Amino acid sequence: MSSSVPREVVHTAVRHEHRSSNTRLALLGVGALALLASIGGSAARSDEAVDVATVTVGSQVAVPADGSGAEAIRSVDFGDVAQPGSACAQGLRFTPPASIPVTGGTSQVLDLASLTQLSVDPEVSYGDVDGDGRDDAVVHVTCSFGANGAEDSVHVWSLEGDRLIHVAGLDQPGADMGDGLPPIVQSVAAEGDRVVVTWAAFDDDDPRCCPTLETRAGYVLDGDELVPVGDPVTTPARP
């Protein structure tokens, strides 16, 4: 079963040549009330965007950009792009916000009781998923919570002018892929107009901790949803 997130998640596009790993240190030392207030504030403003995007190259501010060019989205640093709040629906004791702010690839702790935190896979894949002649971005995010809880989801983003728009999201392999396939994402790729997701899969004798197989499945856009297409292929997991 596929799931989608409303297209209202919009951002002004800020492009980076690189980001420092030191930004992850900003996650420490923030109080619980400040964390929750920050999340609530961003949710209320999730549909806002300013008119002009600024290209940032390292620490230098360059010229304004309008998102022109078929590959313009490749310069967007998704480690600093707020992600849909539904990506952490399982790990929160309260209704998820509309969006979750991210800095340096991770969010702040969203729920202190379960230490819920969102992370963005730095390996973003690009391809013309929606068929408009311009690249889209396929982004894998993971929400971790509790002792070993994790919620994986895959998101397609497009760049329209200076606005990043969330096109579709996926957090389940699909009902046609058999029982027992857990929603654990191993990798994502854009191949032509398809989003290809490799999911962890269990053999009959596998303990629940340790899947030894993987299933590669394709999806295409249908409106604001990613729907399965073609036959999934299951093989032994790569070491």
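At-a-glance table
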read-out: The range 197-239, subset touching a Gly at 6+ places or on another chain (Cβ under 6 Å) and part of a strand (DSSP E or B), residue surrounded by the fewest Cβ atoms within 10 Å (Cβ to Cβ); value: Gly230
read-out: Selection within the range 167-177 - in a strand (DSSP E or B) and of a type outside the set (Val, Ile, Thr); value: Ala168, Gly169, Leu170
read-out: Members of the range 202-222 that are touching a residue at least 24 places away in the same chain (Cβ under 8 Å) and out of contact with any helix residue (DSSP H, G or I) (no Cβ under 9 Å at 6 or more places or on another chain); value: Pro211, Thr212, Leu213, Glu214, Gly218, Tyr219, Val220, Leu221
read-out: Candidate set: the range 66-121, residues that are over 15 Å from Gly149 (Cβ atoms) and among the charged types (D, E, K, R); chosen: the one farthest from the chain's Cα centre (by Cα); value: Asp66
read-out: Count - residues of the range 108-121 that are in contact (Cβ under 8 Å) with a residue 40 or more places away in the chain and in a loop (DSSP other than H, G, I, E, B); value: 5
read-out: Hey, Val138 modelled with pLDDT of 95 or more, buried (at least 21 other Cβ atoms within 10 Å of the Cβ), hydrophobic (A, V, I, L, M, F, W, C) and under 19 Å from the mean Cα position of the chain (by Cα) or not; value: yes
read-out: Positions within the range 198-239 being under 20 Å from the mean Cα position of the chain (by Cα) and either under 21 Å from Ser158 (Cα atoms) or of a type in the set (Lys, Arg) (or both), in sequence order; value: Arg216, Gly218, Tyr219, Val220, Leu221, Asp222, Gly223, Asp224, Glu225, Leu226, Val227, Pro228
read-out: Inter-residue pairs, beta-carbon under 9 Å, first without any contact (Cβ under 8 Å) to a residue 60 or more places away in the chain and assigned to a strand (DSSP E or B) and in the range 146-158, second surrounded by 21 or more Cβ atoms within 10 Å (Cβ to Cβ) and of a type in the set (Asp, Glu), 6+ apart; value: Asp152/Asp171
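Results for (1) in a loop (DSSP other than H, G, I, E, B); (2) more than 24 Å from Gly218 (Cβ to Cβ); (3) touching a residue at least 40 places away in the same chain (Cβ under 8 Å), shown as yes or no for each residue.
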{"site": "Glu123", "(1), (2), (3)": "yes, no, yes"}
{"site": "Gly131", "(1), (2), (3)": "yes, no, yes"}
{"site": "His140", "(1), (2), (3)": "no, no, yes"}
{"site": "Ser144", "(1), (2), (3)": "no, yes, yes"}
{"site": "Ile165", "(1), (2), (3)": "no, no, yes"}
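The values are calculated or read from the model by the stated rules, or taken from the named source; none is laboratory data. None of these values were measured; they are calculated from a predicted model. Here the Cβ is made from the backbone with ideal geometry for all residues, glycine too, and neighbour counts use every protein chain on show.
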